[in-house]
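Asks: The following block contains the structure, expressed as structure tokens.
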Amino acid sequence: MNLTDISIKRPSLIIVMFSVFTLLGVIGFMNLSYELMPDFNQPVVVIRTIYPGAEPEEVESSVSKKIEDALSNLEGVDFVVTKSMPNASVLIVNLKYGTDLDKTMQDAQRFIDNIRKDLPADIQSPVMSKVSPNDLPMMSVSVTSNLNGADFYQQLKEDILPQIQQIKGVAEITVLGAEEREIQVLVDQDKLRYYKVSMQQVVEAINRSGLDIPAGKVESDHTSNSVRYIGKFSSIEDIQNVMVSMPVPGSPVYVKDVAVVEDHVADQTSYSRYNGQAGIGLLIKKQGDANAVDVSSAIRDKFKEIELQNTSADMHFIIADDSTDNTIAAVNSVVEDLILAVILVSVVMLLFLRSFRNSLIVLIAIPTSLWVKKNVQPQWTAEWRLVFLLCLLRWLMW
């Protein structure tokens, strides 16, 4: 019994089979991600180590050279490029193609952990990452407001960014051009000499006083209460009244005696402008397996919601670049080319086979087999009205 006999004698079986295939196809398509570039990882590992306040020569001798020596026994290494810069060390480890990248990163992390005690105590933990297109920001945004710089950044940091980070698919947000609040202690060298106090004493006194320290617990027959020493500063006056030393009994020296404490803005290390207008820049990265188009749409909706919540601050989100625009344009271009190909095939069949029926079948069957996801909005709505009419005609023919 061949397939034709089964289809004629047991039509319900064929209907169920095609229904299952159709359902699986629709589910599979709905779970597809829209990406402009395929997800691939180059065999490159980047190791970044921050060493605050260090010069390139010190970074090279104390950090870069030691990490480079530790990775000398790493398997699959082709060559290593080392860059020692002020405050940072960057090692670019190029691996041979075919090397297991995840295993190599684990081995490299183990080698670095073994020499961690030989590295300077002031460095931050080395950060290891692999090169991938997903590491590039999918969206660049400029945020503007009528608030002053420090208050604007504080609101952005405490209120706005957590809302964006909660969006499904958002991995990381990098902030550029922010004016961050900073409490500055401006020490007078002449007063230090007058009171015979060193700069180190001032620094240690402030660091020692601005802490919340657990002090045990107090227990009774019926209760048990924790005791905590609250020492964090809540105002500039708290810093000014920190005692630095007592060179003469009964005559303590306070911070206000040797320094001026002011509420300032930290030195900016980056600037963000869009069409000459200053603002705070946001570079948004998505998770590796997230649908870029869905994430972009959710972010845009969240921006509109935040703007409505902060109308008094005149807050606006200006999208300077969105990689999904090119992705959607590429998808639309592919579907447009498919429709053009269908039309050309039907015309060729009509001219050479002289069969209007076959030409009509091609013209109707192929477009109705295409499914365009609802969040990809084509720019050529007239063509899709034609496709809808063709779908309706095909349904009527059945």
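No value in this document is a laboratory result; all are computed from the given coordinates. Remember, predicted model here, so these are calculated numbers, not experimental data. FYI the Cβ positions are ideal-geometry reconstructions off the backbone, even for glycines, and counts take in every protein chain you see.
Asks: Would you list, by chain and number, the lysines whose Cα falls below 23 Å from the Cα of K286, excluding same-chain residues fewer than 8 positions away?
Replies: Here the lysines satisfying the reach criterion relative to K286 are K130, K157, K168, K302, K304, K373, K374.
Asks: I've got another one for you. What number results when the radius of gyration of region 44-131, computed over Cα atoms, is divided by 2.2 N^0.38 Å?
Replies: My calculation over the Cα atoms of region 44-131 gives 1.02.
Asks: Rg and Dmax of region 264-303, Cα atoms, in Å?
Replies: For region 264-303, the Cα radius of gyration and maximum Cα-Cα distance read 14.6, 42 Å.
Asks: Then there is this: Evaluated at 4 °C with a viscosity of 1.567 mPa s, what Stokes-Einstein diffusion coefficient in µm²/s does region 182-265 have when Rh comes from the Kirkwood expression over alpha-carbon pairs?
Replies: This corresponds to a translational diffusion coefficient of 89 µm²/s.
Asks: Moving on to the next point. On a 0 to 90° scale, report how tilted helix 101-114 is relative to the longest principal axis of the chain, with both axes built from alpha carbons and the result rounded to the nearest 10.
Replies: Long axis of 101-114 versus the principal axis of the chain: about 10 degrees.
Asks: Here's another thing I want to ask about it. Between H264 and D102, take the C-beta separation as r, use R0 = 45 Å, and let me know the FRET efficiency to the nearest 0.05.
Replies: Efficiency, rounded to the nearest 0.05: 0.50.
Asks: Between V227 and I115, what's the calculated FRET efficiency when r is the beta-carbon distance and R0 is 56 Å? Round to 0.05.
Replies: Result of the calculation: an efficiency of 0.85.
Asks: Please check: in the Gaussian network model of the chain (C-alpha springs, under 10 Å), which one of S270, S62, S145 has the largest mean-square fluctuation.
Replies: Of the options given, S62 has the highest mean-square fluctuation.
Asks: Do you know the relative contact order of region 211-321, to the nearest whole percent, from alpha carbon pairs under 8 angstrom that are 6+ apart?
Replies: Over region 211-321, the number comes to 11 percent.
Asks: If you don't mind, there's one more thing I want to ask. In whole angstrom, and with the biggest value first, how far do the Cα coordinates of the chain range along each principal axis?
Replies: Dimensions of the chain along the principal axes of its Cα atoms: 112, 63, 60 Å.
Asks: How far, in degrees from 0 to 90, does helix 199-209 lean away from the longest principal axis of the Cα atoms of the chain, to the nearest 10?
Replies: It is inclined by approximately 70 degrees.
Asks: Let me ask something else. When the Kirkwood hydrodynamic radius is evaluated over all pairs of different C-alpha atoms of region 98-182, what value in angstrom, to one decimal, is obtained?
Replies: Evaluated on region 98-182, it is 16.8 Å.
Asks: Mind ranking 114-122, 332-340 by how tightly packed they are, going by the mean number of other C-beta atoms within 10 angstrom, highest first?
Replies: The most tightly packed comes first, giving 332-340, 114-122.
Asks: Then there is this: Which FRET efficiency, nearest 0.05, do V16 and E180 yield, Cβ-Cβ r, R0 51 Å?
Replies: 0.20
Asks: Between N225, N358, N326, where does the largest GNM mean-square fluctuation fall for the chain, given springs only between Cα atoms within less than 10 Å?
Replies: Of N225, N358, N326, the most mobile in the Gaussian network model is N225.
Asks: Give the angle, between 0 and 90 degrees and rounded to the nearest 10, that separates the Cα long axis of helix 292-309 from the longest principal axis of the Cα atoms of the chain.
Replies: Rounded to the nearest ten degrees, it is 60.
Asks: For region 21-27, take each phi angle, set θ = phi - 60°, evaluate the Karplus expression 6.51 cos²θ - 1.76 cosθ + 1.60, and give the result in whole Hz per residue in order, putting x for glycine and proline.
Replies: 4, 5, 4, 4, x, 5, 4
Asks: Using a cut-off of 20 Å between alpha-carbon atoms, which aspartates and glutamates can reach K256, once sequence neighbours fewer than 8 places away in the same chain are excluded?
Replies: Partners found: E182, D188, D190, E204, E237, D238.
Asks: Same structure, new question: Measure of size requested: the Rg and Dmax of region 111-247, with Cα atoms as the atom set and Å as the unit; please supply both.
Replies: Cα radius of gyration and Dmax of region 111-247 are 22.7, 63 Å respectively.
Asks: Once you have the Cα-Cα distance between Y271 and N207, take 0.36 nm times their residue separation minus that, and quote the gain in nm to one decimal.
Replies: Length gained, Y271 through N207: 20.0 nm.
Asks: Can I ask one more? Looking at the P(r) of region 126-175, how many percent of alpha-carbon pairs lie beyond 16 Å?
Replies: Cα-Cα pairs in region 126-175 separated by more than 16 Å: 54 percent.
Asks: Going by amide H atoms built from the backbone, whose H comes under 5 Å of the H on M85, apart from near neighbours?
Replies: Amide H neighbours of M85: V90.
Asks: Under 19 Å Cα to Cα from K117, which lysines show up? Leave out anything in the same chain fewer than 8 places away.
Replies: Of all the lysines, those that pass the test against K117 - Cα under 19 Å, at least 8 places apart if same chain - are K65, K66.
Asks: Tell me the mean residue ellipticity at 222 nm calculated for the chain from its helices only (DSSP H runs of n ≥ 4, each -39500 (n - 2.57), averaged over every residue, nearest 500).
Replies: After summing the helix terms and dividing by residue count, I get -13000 deg cm²/dmol.
Asks: Related question: Quick check: net charge around Q240, other residues with Cβ under 13 Å of its Cβ, Lys/Arg +1 and Asp/Glu -1?
Replies: Computed value for this residue: -4.
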